[in-house]
Amino acid sequence: ANYAFSRDVNLFVAVATEEVTYKQKGAQSNVNPNIALPNWKGKNEDDFDSANVGLRWANIAGRWGLEADYGYARSRGSTTVEQAGLQDPFPKFRSTRNTAKLDVTYELNPRIQLRGGWLYEHYRSSDWHIDGTEPDTLSSVLSWGAASPDYEVSVIGVSFIYRLSLPPAPLEY
């Protein structure tokens, strides 16, 4: 959704959700070729939610512009395997991400614009595929000993924009 307060000021909001389910069946056998009937099944369920809200304000005092927005995303998932009537659920995995952004622009002339901005992101996840797995967890496999991402980052940026052609003149109503 987008609401324009005026030609230069608008507010936007976006919301999304998705649910995905995967099912599979297979046959496990010591015979080659494998001609066994399906004797196991697995199920993955993943949920994703996201939202974003922001404000854009152009042409402040004729030359300045401001853009601010905030984003949130979350995912959750589970995996289960059933063999011979026994269910073996794996631990659940999840992640969250929060992002805030602020940009300020200044128009030197119709072709040249300066932009300064700040971006902040906080990401946290928990994934049984990675967490607790050390380089020597499995006797015959070496790994890097990675952990699920969990970080905060703040970035300040400055940019210079040069337009090769002049923007079209604004429409008059």
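The values are calculated or read from the model by the stated rules, or taken from the named source; none is laboratory data. Just so it is clear, the model here is predicted, and its values are computed rather than measured. For neighbour counting, all protein chains shown are included, and Cβ atoms are generated from backbone atoms with ideal geometry for every residue, glycine included. Side chains are part of the model used for accessible areas, which takes the heavy atoms of the whole protein and leaves out ligands, DNA and RNA. Shrake-Rupley method; radii C 1.70, N 1.55, O 1.52, S 1.80 Å.
Going through segment 64-102 one residue at a time, which ones are open to solvent by 50 Å² or more (accessible area, probe 1.4 Å) and among the aromatic types (Phe, Trp, Tyr)?
64, 70, 72, 90
Taking the stated definitions as given, is residue 86 modelled with pLDDT of 90 or more and either among the hydrophobic types (A, V, I, L, M, F, W, C) or touching an Asp or Glu at 6+ places or on another chain (Cβ under 8 Å) (or both)?
no
Quick check on residue 35: is it closer than 30 Å to residue 119 by Cβ and of a type in the set (Val, Ile, Thr)?
Considered against the rule, which asks whether it is closer than 30 Å to residue 119 by Cβ and of a type in the set (Val, Ile, Thr), residue 35 comes out as no.
With respect to residue 172, determine if the residue is loosely packed, with under 11 Cβ neighbours inside 10 Å, closer than 30 Å to residue 92 by Cβ and at pLDDT 75 or above.
Taking the combined requirement at face value, the residue does not satisfy it.
Kindly indicate which of 25, 101 is farther than 20 Å from residue 159 by Cα, touching a strand residue (DSSP E or B) at 6+ places or on another chain (Cβ under 7 Å) and among the basic types (Lys, Arg).
Unique residue meeting the criteria: 25.
Among the residues in segment 52-62, are any farther than 19 Å from residue 115 by Cβ and either modelled with pLDDT of 90 or more or open to solvent by less than 70 Å² (accessible area, probe 1.4 Å) (or both)?
Yes, because at least one residue in segment 52-62 is farther than 19 Å from residue 115 by Cβ and either modelled with pLDDT of 90 or more or open to solvent by less than 70 Å² (accessible area, probe 1.4 Å) (or both).
Somewhere in segment 15-29, is a residue within 20 Å of the chain's Cα centre (by Cα), closer than 30 Å to residue 106 by Cα and either touching a residue at least 24 places away in the same chain (Cβ under 8 Å) or open to solvent by less than 50 Å² (accessible area, probe 1.4 Å) (or both)?
There is no residue in segment 15-29 that is within 20 Å of the chain's Cα centre (by Cα), closer than 30 Å to residue 106 by Cα and either touching a residue at least 24 places away in the same chain (Cβ under 8 Å) or open to solvent by less than 50 Å² (accessible area, probe 1.4 Å) (or both).
Working only within segment 41-52, note down all residues that are more than 19 Å from residue 123 (Cβ to Cβ) and not charged (D, E, K, R).
42, 44
Looking at segment 56-129, what strands (runs of 3 or more DSSP E) fall wholly within it and have at least 2 residues that are in contact (Cβ under 8 Å) with a residue 12 or more places away in the chain and within 15 Å of the chain's Cα centre (by Cα)?
Of the strands (runs of 3 or more DSSP E) lying wholly inside segment 56-129, those with at least 2 residues that are in contact (Cβ under 8 Å) with a residue 12 or more places away in the chain and within 15 Å of the chain's Cα centre (by Cα) span 64-83, 93-107, 112-126.
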